[in-house]
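Below: one structure, written as structure tokens.
Bear in mind these aren't lab numbers, they're just calculated from the coordinates by the rules spelled out. Given the structure is predicted, the values throughout are model-derived calculations rather than measurements. Cβ placement follows ideal geometry from the backbone for every residue including glycine, while neighbour counts extend to all protein chains displayed.
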Amino acid sequence: MSYSLAFSQAIMTVLFVGDKVDQGFYDFVPTKEISDSLNIARPTAVKILGNLASAGIIETREGAKGGVRLALPPANVTILDIFAAVETGKPMFRHDFELRVTGEKPTRAQQAVLSILNDAETAMKNQLSQTTIAELLTGINAP
């Protein structure tokens, strides 16, 4: 009943890339720098970056001065955008099980549980849609 660790790692990756480019350390942040600095295994980092690139959140460049940078202004990237890129349609709560008991009461119980879990996931997604990378960068760069 949880999302993957890659979701949190993807948020940190986008923050790291946005911050390094904003501070002028890089035009494109090398993948090795991301992997080493954030302690994300290289294959995991590559997969996360691929998901973020497919979603249009980052852009990549090959070569000696290659790496990644944000494809959009930080104010246009929400945590929900990152969530959608990494979790790709996975529900937070699984409910694909069948009860052995049957009848009206178990059916109502299952529907009630499903309803509350769907409401919780909707509330979470609403919250994630209200926070941008720009807001997080402002907070972490505050004196």
| remark: Between residue 100 and residue 122, Cβ-based FRET efficiency (R0 22 Å, step 0.05) works out to 0.15
| Which of 126, 111, 34 sits closest to the plus end of the dipole of the chain, meaning its Cα is farthest towards the positive end, when Lys and Arg get +1 and Asp and Glu get -1 on the C-beta? | 111
| task | Can you tell me how much longer the chain between residue 107 and residue 130 gets when fully stretched, taken as 0.36 nm per residue apart minus their C-alpha distance, in nm with one decimal? | result | 4.8 nm
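With N residues in the chain, what two-decimal value do you get for its Cα radius of gyration over 2.2 N^0.38 Å?
Numbers: Rg = 18.9 Å, N = 143, 2.2 N^0.38 = 14.5 Å.
Dividing the Cα Rg of the chain by 2.2 N^0.38 Å gives 1.30.
Could you work out the local net charge near residue 112, counting Lys and Arg as +1, Asp and Glu as -1, over the other residues with Cβ closer than 13 Å to its Cβ? Intermediate values should be presented prior to the final figure.
Values: positive: 105, 108; negative: 104, 119.
That works out to 0.
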| said: Suppose each label sits 7 Å from its Cα in the direction of the beta carbon; what would the residue 42-residue 22 distance come out to in nanometres? | reply: 3.0 nm
| said: How are the alpha carbon pair distances in the stretch 96-136 distributed across 5 Å bins from zero to the largest one, expressed in percent? | reply: 5, 19, 17, 14, 12, 10, 8, 6, 5, 3, 0
| request: Please report how far the C-alpha centroid of the stretch 99-143 lies from that of the stretch 61-84, rounded to the nearest whole angstrom. | output: 25 Å
| remark: For the stretch 60-99, the charge dipole (Cβ of Lys, Arg +1; Cβ of Asp, Glu -1; about the Cα centre) points to a positive end, and the Cα of 86, 67, 99 closest to that extreme belongs to 67
| Long-range amide H partners of residue 69 with built H, under 5 Å | 29, 59
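Please tell me which of these pairs span more than 26 angstrom C-alpha to C-alpha: 20/65; 47/125; 20/47; 20/90? Present the calculation step by step, with values, prior to reporting the outcome.
Values: 20/65 14 Å; 47/125 23 Å; 20/47 20 Å; 20/90 31 Å.
Pairs exceeding the cut-off: 20/90.
Across the stretch 47-125, how large is the tail of the calculated P(r) beyond 22 Å, expressed as a percent of all Cα pairs? Before the final figure, lay out the partial values.
On the way: 1489 of 3081 pairs.
Looking at the stretch 47-125, the distances longer than 22 Å represent 48 percent of pairs.
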| query | Using the per-residue mean of other Cβ atoms lying within 10 Å as a proxy for protection, in what order, highest first, do the peptides 17-30, 97-110, 76-89 fall? | reply | 76-89, 17-30, 97-110
| Net charge near residue 7, counting Lys/Arg +1 and Asp/Glu -1 over other residues with Cβ under 14 Å of its Cβ? | 0
